[in-house]
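Here is the structure we will look at, set down as structure tokens.
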Amino acid sequence: MSEADEDAVFSDAEGEEEAHEQGAEEDEKVEVCHLTQETIGRGLSLLCRTGNGLGHAFVKMDLKNNGLNDIAAICSYTHLRFLDVSNNHLIDLSPLASLTQLLWLKVDNNAVECFKRQPFAELTYLQWLSLAMNRIADLHGLVGPALETLNLTSNSIQKVTGLQSDCFANLVTLELRGNQLDTTDGINLPNLRQLYLAQNVIKRLEGLEKLERLTTLHLRGNQLDTLDGLSANMKCLQYLNVRGNAILDDNALKSLALVSKTLQALVLSDNPLVETTDYRLNVLILLPQLKQLDKDPVSPEERTEASEKIKVLKEEELEP
């Protein structure tokens, strides 16, 4: 993923948060209501054959922006596979427990606070789940045996607990942007590929040795002053974004050597380090195989200069 793409994602996140704040201010103005058959009828679509092949049913329901605080009436729609209940006032999602065929669920911008008495243990086929912009502080009780993507952006999570491989064996992408995390510890998901942790208050990289298949690590807009904590176990890491942190000098980058064989793109812009002399050269000495640094591809001239500098340094080490 290029830095331009990451900028777009970052801007989208900021726009989502602004909308969330505006929505919170307008909560009292929205008429709160229970789910009715009329609302359900308007939201149903995508007629498909049922799982047993003996009939047909609508498998998609759109209930966003209805001011709902109760969705009990949804229980009988057991053939649903895709459900969007975003931008409502939901706290209790337990009526979803009967929707055991769900594959895709979006609950953004509601009032969910925790996963106690929530239905996710029953949703054994659920592959995509977004709970962005809720009030979640505690992940205990969240399970997802088939989940591949989990979005928890813009909640109130201070510590990651409960994300164990036995509960999320298939999770590939995890979004935790815009929370209150001060460490990367607690994410015990060796099959994870993409991890997005931008806009937290992360000061320490910890527990990353468990993320053996991670390809993308996004840490933009945190409080890191060193990259200590990167691990040689991260044998698949290709993209690392630490833009907008507090990395001051080359010493803070030494741990990059542990991932130098696989890392292809590194974003370090908006750190104090970038203002130092020979910044790009010093990075390429650590990461000679790097293809892109910040917005710009590594040029052949830069690669040659770095290679020559590496030879000089090795010769100096051999001198008595």
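List of remarks:
- Viscosity 0.890 mPa s, temperature 25 °C, Stokes-Einstein D of the range 221-293 from Kirkwood C-alpha radius, µm²/s: 203
- Dipole-positive endmost among Leu96, Leu266, Ala198 within the chain (Cβ charges, Cα centre): Leu96
- Over all distinct Cα-Cα pairs of the range 144-233, the Kirkwood formula returns a hydrodynamic radius of 12.9 Å.
- In this Cβ point-charge picture (+1 for Lys and Arg, -1 for Asp and Glu), the chain has a dipole of about 1440 debye about its Cα centre.
- Most fluctuating residue given options His56, His218, His140, as computed from a GNM of the chain linking Cα atoms under 10 Å: His56
- Axis angle, to the nearest 10 degrees, between helix 300-318 and the longest C-alpha principal axis of the chain: 60 degrees.
- Span per principal axis, largest first, for the Cα atoms of the chain (Å): 83, 44, 32
- Applying 0.36 nm per residue to the separation of Asn251 and Leu44 and subtracting their alpha-carbon distance, the gain on full extension is 68.8 nm.
- Bridgeable lysines around Lys309 (alpha carbons under 19 Å apart, same-chain partners fewer than 8 residues away excluded): Lys254, Lys261, Lys291.
- Dipole of the range 137-272, positive direction: furthest Cα of His140, Ser231, Asn170, with charges on the beta-carbon: Asn170
- Stokes-Einstein D in µm²/s, Kirkwood radius over Cα pairs - the range 260-320 at 37 °C with 0.692 mPa s viscosity: 267
- Cα pair distances of the range 33-132 binned at 5 Å [whole percent]: 3, 13, 25, 28, 19, 8, 3, 1
- Taking the C-alpha atoms only, the angle from helix 3-25 to the longest principal axis of the chain is near 40 degrees.
- Taking θ as phi - 60° and the Karplus parameters 6.51, -1.76 and 1.60, the scalar couplings of the range 198-214 work out to 5, 6, 10, 10, 5, 10, 9, 9, 9, x, 6, 5, 7, 9, 6, 10, 5 Hz in sequence order, x denoting glycine and proline.
- Charge dipole (debye, nearest 20) of the range 87-176; +1 at Cβ of Lys and Arg, -1 at Cβ of Asp and Glu: 140
- Dipole magnitude for the range 31-162: computed about the Cα centre from +1 point charges on Lys and Arg Cβ and -1 point charges on Asp and Glu Cβ, it is near 240 debye.
- Cα gyration tensor category, rounded, prolate or oblate, for the range 174-310 with a/c compared to 1.5: prolate
- For the range 66-189: Kirkwood Rh in Å [reciprocal of mean 1/r, alpha carbons]: 14.5
- Using only Cα coordinates, the Kirkwood hydrodynamic radius of the range 116-162 works out to 11.2 Å.
- Projected label points at Thr124 and Lys235, each 7 Å from Cα along the beta carbon direction, are separated by 3.3 nanometres.
- Long-range amide H partners of Thr50 with built H, under 5 Å: Gly55, His56, Ala57
- Helices in the chain, meaning DSSP H runs of at least 4 residues, each add -39500 (n - 2.57). Divided by all residues, the mean residue ellipticity at 222 nm is -6000 deg cm²/dmol.
- Order of Met133, Met234 - criterion: other Cβ atoms within 10 Å of each residue's Cβ, fewest first: Met234, Met133
- Cα pair distances of the range 82-125 binned at 5 Å [whole percent]: 5, 24, 31, 28, 11, 0
- Candidates Asn134, Asn110, Asn271, ranked by Gaussian network fluctuation over the chain, Cα under 10 Å, top entry: Asn271
- The phi torsions of the range 264-271, fed into the Karplus equation with coefficients 6.51, -1.76 and 1.60 and a -60° offset, translate into couplings of 10, 9, 9, 10, 10, 4, 6, 10 Hz, rounded to whole numbers, with Gly and Pro shown as x.
Readers should treat all values here as calculations from the given coordinates under stated rules, not as data from a laboratory. Just so you know, these numbers come straight off a predicted model, no measurement behind them. Ideal geometry is used to build each Cβ from the backbone, glycine not excepted, and the neighbour counts take in all protein chains shown.
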